[in-house]
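To start, the structure itself, in structure tokens.
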Amino acid sequence: MRGLRNRTSDGCNNGSRGIGLRTAGIIIFCAAVLGIAALRWQTVLNSLGSFLVDRHPPQQADLILVLGGDFWGPRVVTGAELARMHYAPVALLSGPLYQGVPQGQMAIDFLTKKGYDSDLFQVFFADAHSTIAEANALRGELARRHVKRVLLVTASYHSRRATIVLTLFCPGVQFISIPAPDIHYHADEWWSDDESRRIFFSEWSKILGTVFMSYPRYLVSRSFGSVTGPSENEGYRHPIIDPFQRDGQPLKRTTLRILESVSDLHRGPRTGDGCLQGG
């Protein structure tokens with residue numbers, strides 16, 4: 001009888017150990033699955049961040065096009081270096097007025113002081129304050145110059161959107177993106193600093209707005225003949241607007257919520273006061 005009790009007790013202990021091992025195994029397996037999922041989400045988010053940077057090696061082209069927005073920084077210096085190495089006959093410096101002076105002219109003044117030959121550059125005044133408006137302004141000028149291949153210079157984080165916009169709104173031209181370095185955006189782990197996160201959401205929302213809203217609207221307006229022609233000295237005054245200016249706010253907010261939800265999957269749940277746990 002005593003032996004039976006001992007055997008029963010040993011069986012219970014062995015059963016408990018078996019259950020404990022199975023439980024530990026399940027916990028380890030679940031932890032491994034969650035770890036792999038976390039790594040994959042980080043890879044996906046990094047890929048989305050890197051997509052914004054469209055980078056290609058320079059090659060011979062008909063024109064170097066430097067978009068407006070930076071007239072004494074890395075953008076114009078990158079364009080000047082390409083011109084100095086004779087990748088194209090001339091670098092066209094685009095942009096609106098700044099304090100009554102075309103940004104392109106201010107860029108030339110800056111570059112000549114740094115030792116670049118002023119004959120390498122030409123100014124294109126575009127009365128435009130968005131990438132789509134600038135593309136509309138440039139379309140007639142590129143056609144007038146009969147260019148087929150353009151080296152496109154802009155900030156690194158802006159390079160993908162600029163290539164998409166110019167390819168859509170300036171058909172018949174091949175744009176090769178040569179982005180300038182930018183210290184404000186880090187494609188890897190963009191969610192870890194405020195400035196990169198702001199740029200990421202802004203660029204992606206504008207890319208989606210361009211592809212799904214502005215460009216279809218442009219095609220419709222062109223079909224009905226409502227697109228105005230280029231001026232000789234200025235850019236287009238075009239009825240198609242960038243949807244992420246004032247009257248694009250509803251779509252912008254919706255798109256930002258979608259993208260932020262993707263980011264939140266990596267960063268963790270929100271606490272009651274709206275802050276994110278885990279930094």
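Near Val101, within a Cβ-to-Cβ distance under 14 Å, what is the net charge of the other residues, with Lys and Arg +1 and Asp and Glu -1?
-2
Efficiency by 1/(1 + (r/R0)^6): what FRET value for Gln174 and Asp194, r their Cβ-Cβ distance, R0 = 25 Å, to the nearest 0.05?
Values: r = 36 Å, r/R0 = 1.44.
That pair, Gln174 with Asp194, gives E of 0.10.
Ordering Ser214, Ser130 by the number of other Cβ atoms within 10 Å of each residue's own Cβ, fewest first, gives Ser130, Ser214. Does anything in the stretch 168-202 have its amide N under 13 Å from the 7 Å Cα→Cβ label point of Val90, and if so which residues? It comes to no residues whatsoever.
What number comes out for the charge environment of Asp62, summing +1 per Lys or Arg and -1 per Asp or Glu over other residues with Cβ under 14 Å away? Here the count lands on +3. Computed from phi, the 3J(HN,Hα) profile of the stretch 59-65 under the Karplus parametrisation 6.51, -1.76, 1.60 (θ = phi - 60°) reads 8, 4, 8, 7, 7, 9, 10 Hz, with x in place of Gly and Pro.
Tell me, what are the semi-axes, in whole angstrom and largest first, of the equivalent ellipsoid of the stretch 63-177 as set by the roots of 5 times the Cα gyration tensor eigenvalues? Don't skip to the answer; put the middle values down first.
Numbers: eigenvalues 80, 50, 33 Å².
So the equivalent ellipsoid measures 20, 16, 13 Å along its semi-axes.
Reducing the stretch 196-224 and the stretch 87-122 to their Cα centroids gives an inter-centroid distance of 29 Å.
Every number here is computed from the coordinates shown, using simple stated rules; none is lab data. Worth saying up front: this structure is predicted, and the values here are computed from it rather than measured. Glycine also receives a Cβ, built like all others from the backbone with ideal geometry; neighbour counts cover every protein chain displayed.
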